[in-house]
1. May I ask you to say which residue of Ile149, Ile169, Ile117 is open to solvent by less than 20 Å² (accessible area, probe 1.4 Å) and closer than 22 Å to Asp52 by Cα?
2. Among the residues of segment 84-105, is any open to solvent by less than 40 Å² (accessible area, probe 1.4 Å), outside any helix (DSSP H, G or I), within 30 Å of Glu166 (Cα to Cα) and not β-branched (Val, Ile, Thr)?
3. List the residue pairs whose Cβ atoms are under 7 Å apart, where the first residue sits in segment 131-146 and is without any contact (Cβ under 8 Å) to a residue 60 or more places away in the chain and farther than 8 Å from Val109 by Cα, the second is buried (at least 16 other Cβ atoms within 10 Å of the Cβ) and acidic (Asp, Glu), and the two are 6 or more positions apart or on different chains.
Amino acid sequence: RASMAAKISLSRSYKTFSLPDSYASITSKTFALMSAMRVGKILPFSDGSFMDHFVFKNDEAYCEDVSLASLATQVGTPVYVYSSATLAQHCEALKAAFSSYPTDFCYAVKASSNLSILRSVFQHGMGADVVSRGELERALLAGAPPRGIVFSGVGKQENEIRRALEVGIMSFNVESLF
């Protein structure tokens, strides 16, 4: 459905659902929340945050307003499901936490190269942290502003450096001179 596609990003890769918790795969905090939700309670994580766009309704898991069981039936499994609303909430919370400080936020493209996720992160004002020309091109394709890209990592090749300079990245993170 069109409304479903606008709300969630899909990537058919693995046999488990991956729920965003600091933009990573399922974690113990996620399992704790899912367990609390299953018994009808939504409890905050130890840091006080919530992942409230993943809920149980009548003992069925939902991402935003989409039934995960129905989604699995429709697209098959394995499937990864990410909540755009949760991702946006986390981006905004991060920016708010540092609003009193001059801060550039750069999402590590190696954490997830899914174009839908990258687009969402960049649309919420995040830059990109890349470690290769491939990641640089992926970030640009997803809409990262070149002046918001940091090129990290050791062993940068001359062609990678030239390309990064051509597009006008923000900076290189030089980790070693040798």
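1. Exactly one residue qualifies, and that residue is Ile117.
2. The answer is yes; a qualifying residue exists.
3. Ser132/Glu160; Arg133/Glu160
The values are calculated or read from the model by the stated rules, or taken from the named source; none is laboratory data. Keep in mind that this is a model prediction, so the values were computed, not measured. Positions of Cβ are backbone-derived with ideal geometry, glycine not excepted, and every protein chain shown enters the neighbour counts. Quick note on the areas: whole protein, heavy atoms, side chains included, nothing else; ligands and nucleic acids left out. Shrake-Rupley method; radii C 1.70, N 1.55, O 1.52, S 1.80 Å.
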